[in-house]
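Okay, structure first, notes after.
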Amino acid sequence: MGTDAMSTDATSTRATNTGALRIARRTAGRLLSTASLTVALLGTAACGSGAQAGTAPEGWGVLETAAVTVAHPPAFKEQGDAGRSRFNAAAATLSEGGRAVGTITVQLGFTEADSAEEAAIGAEAGIALGSTLKGQKEITVSGPQGGRSEARRIDFAFTVKGDRVDGVIVAGLDADRKAYAVRVDAVRGRLGDDDLKRIIESVTVRG
């Protein structure tokens, strides 16, 4: 999210940083805290079959919102309106013994943003202090009418009750140019890389 411009762009850089901080402050109070995820060890990971980008693998469920959809492994159970945070438009939880060990959430309109980069800045505000931010990269997700939509992928990790949790956020703008964020948290080693890839590839911006 930086720039390679030299001294002539210093003023612009400061303005960009100020704008990023303003977006983060507006967003921080609304995003679901990572501390709310109660984690426990999970013996086995959910498995799924391959699928084309923007589609759900066979046997998987789908979290549907007005703006974005995302597939989830069958072991993740979708939360109803009463069971999820009011900031989440959709959510699914992987549980063991009544304790959450993984979550997939979708948030809509959580910050003011004019680009996928700004949506990602806002999404990063929801990552708890003390987390390890592994980086951010440009990606595309399935868009309306079979097209592609620009997005950002943010990878991070944090510790809750002694367990290390890996997190990924896919953030961008929906068809109405409003911010969305799809977030996946799971105890390290309990969600396979292939399944995580399928989840991310299934993210679709609706028309």
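The values are calculated or read from the model by the stated rules, or taken from the named source; none is laboratory data. This is a predicted model, so every value here is computed, not measured. Cβ coordinates were reconstructed from backbone atoms using ideal geometry, including for glycine residues, and neighbour counts include every protein chain displayed. Heavy atoms of the whole protein, side chains included, go into the accessibility calculation; ligands, DNA and RNA do not. Shrake-Rupley method; radii C 1.70, N 1.55, O 1.52, S 1.80 Å.
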Quiz prompt | Counted residues, segment 119-144 - those being closer than 16 Å to residue 205 by Cβ and charged (D, E, K, R) | solution = 1
Exercise. For residue 190, state whether it is within 17 Å of residue 62 (Cα to Cα), surrounded by 15 or more Cβ atoms within 10 Å (Cβ to Cβ) and charged (D, E, K, R).
Key: no
Quiz prompt | Lone qualifier among 92, 67 - being farther than 18 Å from residue 168 by Cα, surrounded by 14 or more Cβ atoms within 10 Å (Cβ to Cβ) and touching a strand residue (DSSP E or B) at 6+ places or on another chain (Cβ under 6 Å) | solution = 67
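If I ask for residues that are assigned to a loop (DSSP other than H, G, I, E, B) and farther than 16 Å from residue 186 by Cα, which ones from segment 127-163 would you list?
129, 130, 143, 147
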Quiz prompt | Residue tally, condition open to solvent by less than 10 Å² (accessible area, probe 1.4 Å) and either β-branched (Val, Ile, Thr) or without any contact (Cβ under 8 Å) to a residue 40 or more places away in the chain (or both), over segment 147-167 | solution = 4
